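The next block holds one structure in the form of structure tokens; read it before the comments.
The values are calculated or read from the model by the stated rules, or taken from the named source; none is laboratory data. Keep in mind the model is a prediction, meaning the values are calculated, not measured. Glycine gets a Cβ as well: all are built from the backbone with ideal geometry, and neighbour counts include every protein chain shown. Note: areas computed on protein heavy atoms with side chains; ligands, DNA, RNA excluded. Shrake-Rupley method; radii C 1.70, N 1.55, O 1.52, S 1.80 Å.
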Amino acid sequence: MILVIAWKNIWRSKTRSLVVMAAFALGVFSVVFGAAVMIGLMDRRMYNAIHNEVSHLQVHHPQFADNEDIHLGIRHSDAAADSLARLRGIKSVSTRILVQGMAGTAEKTAGVMICGINPEIEKHVTDIHRVIPHKGGDYLSGDCRGEILIGEKLARELNLAYYSLHDTLPRELLSLAKEKASPALDSLKGIRFVSDKAFEDALNQACGSTLSAKSLYRIKRQSLQYSLRKKVVLTFQSYDGELTGAAFRVCGIFRTKNAMVDGVRVFVNKDEIAELAAIPKGFAHEVAVLLEDGTRPDEVKAAVSGNFPGMLTETWKELQPDVAYMKTMVDNIMYIYLSIILLALVFGLVNTMLMAVLERTRELGMLRAVGMNNKRVFRMIMLETVLLAISGTVAGILIAGILIAWKAKTGIDLSYLYGEGYEAWGFDTFLYPVIRWKEIAEAMMLVILAGVLASVMPARRALRMKPVDALKTE
Amino acid sequence: MNVLETRSITRIYKEAAGEIRAVDGISLTFQKGEFAAIVGPSGSGKTTLLNLMGGLDRPDTGSILVDAVDICGLNARQLVDFRLYNIGFVFQAYNLIPVLTAEENVEFIMQLQKRPRAERRQRTHEVLAAVGLADRMKSRPAKLSGGQQQRVAVARALASKPKFVLADEPTANLDSKSAENLLEIMEKLNREESITFIFSTHDPRVVARARRVITLVDGKVIRDETA
Ligand SMILES: Nc1ncnc2c1ncn2[C@@H]1O[C@H](COP(=O)(O)OP(=O)(O)OP(=O)(O)O)[C@@H](O)[C@H]1O
Ligand SMILES: [Mg+2]
């Protein structure tokens, strides 16, 4: 009954209550939606870090990280990897050879990390074979020699990727051009643009206007072409210290969307690079382990480490501490946001309830006179305050939930907002917001708590006057 | 047996100008079924006396016995419950919760008493019918006239089955016809169900209906006549 009265009391000042509810709805909406986006971004970053980069666990020589010396590796790595792969909870294991070197085309050179892999085994550990874009060629074939898989960023640096418009112009570009079938646009067809700036300038000029960053980004992605089957020469120091080199043909381009991977890593056949660099049999620089359940890599760490005595075993959290740190941050971000926003909202709530109590001085005096005790009066005011906060909150969560559910299907494309910027930090530009019901429930609890705290002052005010005096006020 | 007895109670307000003896050594007894009016000029202490008898205020000296229990010995929390279960109140105005209907207002007091639902429903109908508002049960106070609102207040006061009903100037805000009507209802309830009413008033026509008239001047009883 007191609940019903509290609810009805809220609607005595419709506008005032609606304003407070709207404030809560807006505040909670922005927190929940913002957190969902951040979590989505982070989940994606984590997924990419694990599946494109470091896997769940890696084993190296303890000093390998210092200068990536070719001599610092793991002996008999294949045997150890085989026995490791049979352990429970281990999904797959890949042993790799890592050699620092230079990659060069006729025009350009760039520093790279040559990564010798067994292409078939690697498929079970990383997703590199899955991130080959349309028209980006093929993944390494198992037996064929002389193939190299390079990242898109490196391809651009080596002039192996360029912008070029084909006969069918991107639809977006056509819709943006001032005149359809414009000769200026047609004249661009077939020209190769190596630099971003030159291509953007040409597009702007042909369209007769400055295109938005969003449009430019989309057109550029659609016009990017790869020079496959081109020769890339890798130069590196072999195990016995001799400078050697070999020519490879680009079989494909991968794009993890992490510039630090796409610009540096190149993949070649492990046996081939072992032979070229005169690396002893069974020797590897890196063992990457993917787990069945990646939530608790620390628990498997000891078992993995036992298979590689004297070597350093690290979890993805240790290998990418920045990602692990950001994950903890993002996991808590909703609470931080919510606390700040609630703090502001509570002031409004207290104020509203003080007004409501003041307006009802005589009524409260009457209720207490006829036998409503302090506890019940307190409860009534508290319920009213909490209901006011909760109804706005529920509305906010509902709106956020609908938007998140929708966006979780279609995704959110951030590429036009500094697309390259995100990629430079290793973040995917396409994200799916993630709602966590546990957090929503906890947010509700936090709002209720805020409502309870906000009600203390108004409730005390309601009880401050003696009933006889309250009844007398004019 | 006395349903209510005051033994030389005094209530003194200390003001800058000196002390005001709002109630000055009043001793009164009320029997069950009385219909008593407290009259007197403005400032004579009528409200103060009713508040003391209703357990809304405490006397500085003296004692108040309700069914032989000294309510001055109760603490604040006990006093609220005492009022809830033993005394019906009708104030001059603001008797009702505006967001509740007449029916809900009456039922509310019984909910505070934690009475079972079926009993509450039945009693609500009963008392609202008794004050002639059976057809206005679903109306909110704002939709009722001043007289009807006061009748709902009387119904609410009766609903809790109190030992007596205290009403401080229940007709003060009403036109004479509504005042007459309210008094008739109170009289009828007193006569037929022997509800004890103690009310204060200024209105001579209301006074005329009372069977006992207690006249106060300066916080003292100067006359106590039973017709
Ligand atoms: N809270 C208070 N503080 C100080 N003095 C008070 C207070 N309440 C009442 N008084 C004084 O006590 C005296 C009695 O007041 P009371 O309200 O009981 O009179 P009343 O007979 O009900 O008058 P009225 O007919 O105007 O309602 C008056 O002199 C009044 O000024
Ligand atoms: Mg008075």
Exercise for the section: Sort out which residues of the stretch B:73-93 are in a helix (DSSP H, G or I), at the interface with chain A (Cβ under 8 Å from one of its Cβ atoms) and among the aromatic types (F, W, Y), and write them in order of number. Expected result: B:Y85
Fill in the blank from the handout: Scanning the stretch B:4-20 for residues that are away from ligand 2 (no atom under 16 Å from the Cβ) and part of a strand (DSSP E or B) gives B:L4, B:E5, B:T6, B:R7, B:S8, B:I9, B:T10, B:I12, B:K14, B:E15, B:G18, B:E19
Handout entry: Residue that is farthest from B:P141 (Cα to Cα), among those in the stretch B:160-170 that are more than 16 Å from ligand 2 (Cβ to nearest atom) and touching a residue at least 60 places away in the same chain (Cβ under 8 Å)
Key = B:K163
Problem - Those residues of the stretch A:185-225 which are among the acidic types (D, E) and over 25 Å from A:E157 (Cβ atoms), in sequence order - result: A:D186
Exercise for the section: Report yes if A:A6 is assigned to a helix (DSSP H, G or I), open to solvent by less than 10 Å² (accessible area, probe 1.4 Å) and under 23 Å from A:I448 (Cβ atoms), otherwise no. Expected result: yes
Fill in the blank from the handout: In the set A:V125, A:V93, the lone residue that is in contact with a Ser or Thr (Cβ under 6 Å, 6 or more places away or on another chain), assigned by TED's automatic domain parsing to the domain that holds A:E147 and more than 18 Å from A:M260 (Cβ to Cβ) is A:V125
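Kindly check whether there is at least one residue in the stretch B:63-70 that is within 13 Å of another protein chain (Cβ to nearest Cβ) and not in a strand (DSSP E or B). So that I can check it myself, show each step before the final result.
Going through the stretch B:63-70, the residues within 13 Å of another protein chain (Cβ to nearest Cβ) turn out to be none.
Checked the stretch B:63-70: no residue is within 13 Å of another protein chain (Cβ to nearest Cβ) and not in a strand (DSSP E or B).
State whether the residues of the stretch B:186-204 include one that is within 16 Å of ligand 2 (Cβ to nearest atom) and either within 14 Å of chain A (Cβ to nearest Cβ) or hydroxyl-bearing (S, T, Y) (or both). Steps first, please.
Start the filter on the stretch B:186-204 by keeping residues that are within 16 Å of ligand 2 (Cβ to nearest atom), which leaves B:198-203.
Retained after the next criterion (residues that are either within 14 Å of chain A (Cβ to nearest Cβ) or hydroxyl-bearing (S, T, Y) (or both)): B:200-201.
Within the stretch B:186-204 (the criterion being within 16 Å of ligand 2 (Cβ to nearest atom) and either within 14 Å of chain A (Cβ to nearest Cβ) or hydroxyl-bearing (S, T, Y) (or both)), the answer is yes, since at least one residue qualifies.
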Problem - Cβ pairs under 7 Å, 6+ apart, first in the stretch B:195-214 and polar (S, T, N, Q), second part of a helix (DSSP H, G or I) - result: B:S200/B:K46; B:S200/B:T47; B:S200/B:L50; B:T201/B:V207
Practice task
Report yes if some residue within the stretch B:82-90 is among the aromatic types (F, W, Y), within 16 Å of ligand 2 (Cβ to nearest atom) and surrounded by 19 or more Cβ atoms within 10 Å (Cβ to Cβ); otherwise report no.
Solution key: yes
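Can A:V452 be described as modelled with pLDDT of 95 or more and open to solvent by 40 Å² or more (accessible area, probe 1.4 Å)? Step through it out loud before you land on a result.
Values: modelled with pLDDT of 95 or more: yes; open to solvent by 40 Å² or more (accessible area, probe 1.4 Å): yes.
Judged against the criteria, A:V452 is a match.
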Problem - From the options B:L100, B:L96, residue that is buried (at least 22 other Cβ atoms within 10 Å of the Cβ), in a loop (DSSP other than H, G, I, E, B) and touching a Lys or Arg at 6+ places or on another chain (Cβ under 8 Å) - result: B:L96
Practice task
Of the conditions (1) more than 16 Å from ligand 2 (Cβ to nearest atom); (2) within 28 Å of B:H125 (Cβ to Cβ), B:R211 clears all except one; give me its number.
Solution key: (2)
Fill in the blank from the handout: Filtering the stretch B:10-39 for residues that are within 11 Å of ligand 1 (Cβ to nearest atom), over 16 Å from B:P170 (Cβ atoms) and surrounded by 21 or more Cβ atoms within 10 Å (Cβ to Cβ) leaves a count of 3
Practice task
Would you confirm whether any residue within the stretch A:410-417 is at pLDDT below 90, surrounded by 20 or more Cβ atoms within 10 Å (Cβ to Cβ), in a helix (DSSP H, G or I) and assigned by TED's automatic domain parsing to the domain that holds A:A36?
Solution key: no
Fill in the blank from the handout: Taking the stretch B:118-144 and keeping residues over 22 Å from the mean Cα position of the chain (by Cα) and more than 21 Å from B:L189 (Cα to Cα) leaves B:A118, B:K138, B:S139, B:R140, B:A142, B:K143
Handout entry: Test for B:R223: is it without any contact (Cβ under 8 Å) to a residue 24 or more places away in the chain and either assigned to a strand (DSSP E or B) or surrounded by 23 or more Cβ atoms within 10 Å (Cβ to Cβ) (or both)
Key = yes
